[in-house]
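Student: Quick one: the structure is below, questions incoming.
What follows is calculated from the coordinates using simple rules that are stated; it is not laboratory data. Quantities reported herein were computed from a predicted structural model and do not represent experimental measurements. Positions of Cβ are backbone-derived with ideal geometry, glycine not excepted, and every protein chain shown enters the neighbour counts.
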Amino acid sequence: MQVLLVEDDQSLATGLSKALRSEGFVTNHVAAGEAALHAIRVDPPDIIVLDLGLPDMDGLDVLRKIRRSGSTIPVLILTARASIDARVSGLDSGADDYLPKPFETPELVARLRVIERRLAGTQETRVTVGDISMDTLSRLVTIKGEPVELARREFAVLKSLLENRGKIQTREQLESRLYAWGEEVSSNAIEVHIHHLRKKLGADFIKTVRGVGYIVREP
């Protein structure tokens, strides 16, 4: 699950990014409204955590522009504006949730989990291709009913391939689901994850499209 954190307080952003990554969220950070809008156009996240007091524009204006563009990406507002009127304004502008500062990080994580479950409810939560089955809610993968233990990033790669079965996933697309911007990624990181998945799921389950990427096809 990829989170875009829009927050101009660098120390808070650093702490939140670290905490969210430890919870398994791929977290990217920008400090201004225009940068957020650009990031959403170029690399749309799954969830946006949006501060309202940004240096270049009000966060509510960012939210309104996101919604006017037709985007339905869930937005959780994170702000020091704690009045009822401010909350109502945020929700009326298209926010999915509103968490006033100060807050405890576990509460933010819990609210993001609620949004994550809600997103899963609008998508298929069990994907089966051949003998391989994945339950995205319980994070369980089985082969012919027998559970298979996958590392976190192996699970993320397989999830992307299964949810996009029949479609080629480039290395860049897969990396964006696993790593935050600026995170050091070895040149063969995806190949290593694919290699481990093939050892666990069978050598022929994930196909290589030479020079393009990888694909899982229905049998």
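Student: Could you calculate the contour length gain from Met57 to Glu191, that is, 0.36 nm times the residue separation minus the distance between their Cα atoms, to one decimal place in nm?
Tutor: 44.1 nm
Student: Something else: Of Ala189, Gly33, Leu91, which is farthest along the charge dipole of the chain in the positive direction, counting Lys and Arg as +1 and Asp and Glu as -1 at C-beta?
Tutor: Ranked along the dipole, the leading option is Ala189.
Student: How many lysine pairs in the range 73-219, separated by 8 or more positions in sequence or lying on different chains, have Cα atoms less than 17 Å apart?
Tutor: Qualifying lysine pairs in the range 73-219: 8.
Student: Evaluate 2.2 N^0.38 Å with N set to the residue count of the chain, then give the Cα radius of gyration divided by it.
Tutor: Normalised by 2.2 N^0.38 Å, the Cα Rg of the chain equals 1.10.
Student: Here's something else I'd like to know. Pop the C-beta distance of Leu91 and Gln173 into the FRET formula with R0 = 25 Å and round what comes out to the nearest 0.05.
Tutor: On the way: r = 33 Å, r/R0 = 1.31.
Efficiency for this residue pair is about 0.15.
Student: If a/c stays under 1.5 just call it rounded; otherwise compare a/b with b/c (prolate if a/b is bigger, oblate if not). Do that for the range 48-107, with a ≥ b ≥ c from the square roots of the Cα gyration tensor eigenvalues. Let's see the in-between values first.
Tutor: Details: a/c = 1.60, a/b = 1.45, b/c = 1.11.
It comes out prolate by the Cα gyration axes.
Student: What do you get for the angle between helix 33-42 and the principal long axis of the chain? Use alpha-carbon atoms, 0 to 90 degrees, nearest ten.
Tutor: Computed tilt is about 20 degrees.
Student: If you don't mind, another one. At 222 nm, what helix-only mean residue ellipticity would the chain give, in deg cm²/dmol to the nearest 500, using -39500 (n - 2.57) for each DSSP H run of four or more?
Tutor: For the chain, the value works out to -13000 deg cm²/dmol.
Student: Oh, and also: With a 10 Å Cβ neighbour count serving as the proxy for reagent exposure, in which order, fewest first, do Met57, Met134, Met1 appear? Present the calculation step by step, with values, prior to reporting the outcome.
Tutor: Values: Met57 14, Met134 24, Met1 20.
Arranged by neighbour count, lowest to highest, Met57, Met134, Met1 become Met57, Met1, Met134.
Student: For the range 139-178, which GluC sites (Glu not before Pro) are both in a DSSP coil and crowded by at most 10 other Cβ atoms within 10 Å?
Tutor: Values: sites: Glu149, Glu154, Glu163, Glu172, Glu175; in loops: Glu149.
Answer by residue number: Glu149.
Student: Got a sec? How would Leu4, Leu137, Leu174 order by Cβ neighbour count within 10 Å, fewest to most?
Tutor: Result, fewest neighbours first: Leu137, Leu174, Leu4.
Student: About the Cα centre of the range 2-121, how large is the charge dipole given +1 on each Lys and Arg Cβ and -1 on each Asp and Glu Cβ? Please answer in debye to the nearest 20. Walk me through the numbers before you get to the answer.
Tutor: Values: 14 positive and 18 negative charges, 69 e Å.
It works out to roughly 320 debye.
Student: If you don't mind, another one. For the pair Arg152 and Arg217, what calculated FRET efficiency results from E = 1/(1 + (r/R0)^6), where r is the Cβ-Cβ distance and R0 = 25 Å, to the nearest 0.05?
Tutor: E between Arg217 and Arg152, to the nearest 0.05, is 0.50.
Student: So, one more: Farthest toward the dipole's positive end in the chain, which of Thr79, Leu119, Leu16, given Cβ charges of +1 (Lys, Arg) and -1 (Asp, Glu) about the Cα centre?
Tutor: Leu119
Student: Give the order of Thr170, Thr136 when sorted by the count of other beta carbons within 10 angstrom, beginning with the fewest.
Tutor: Thr170, Thr136
Student: Still on this structure: Give the residue list of trypsin sites (Lys or Arg not before Pro) in the range 4-50 that are DSSP loop and have at most 11 other beta-carbon atoms within 10 angstrom.
Tutor: Values: sites: Lys18, Arg21, Arg41; in loops: none.
Within the range 4-50, no trypsin sites (Lys or Arg not before Pro) qualify (loop, at most 11 other Cβ atoms within 10 Å).
Student: State the extension gain, in nm to one decimal, for the chain segment bounded by Lys101 and Asp135, taking 0.36 nm per residue of separation less the distance between their alpha-carbons.
Tutor: 8.8 nm
Student: Rank Gly202, Ser138, Tyr179 by how far each Cα sits towards the positive end of the charge dipole of the range 126-215 (+1 on Lys, Arg Cβ; -1 on Asp, Glu Cβ) and give me just the farthest.
Tutor: Gly202
Student: Taking the Cα centre of the chain as origin, sum charge times position over the Cβ atoms of Lys and Arg (+1) and Asp and Glu (-1), and report the length of that vector in debye to the nearest 20.
Tutor: 820 debye
Student: Suppose every Lys and Arg Cβ carries +1 and every Asp and Glu Cβ carries -1, with no other charges. What dipole size does the range 98-219 come out with about its Cα centre, to the nearest 20 debye?
Tutor: Roughly 200 debye, rounded to the nearest 20.
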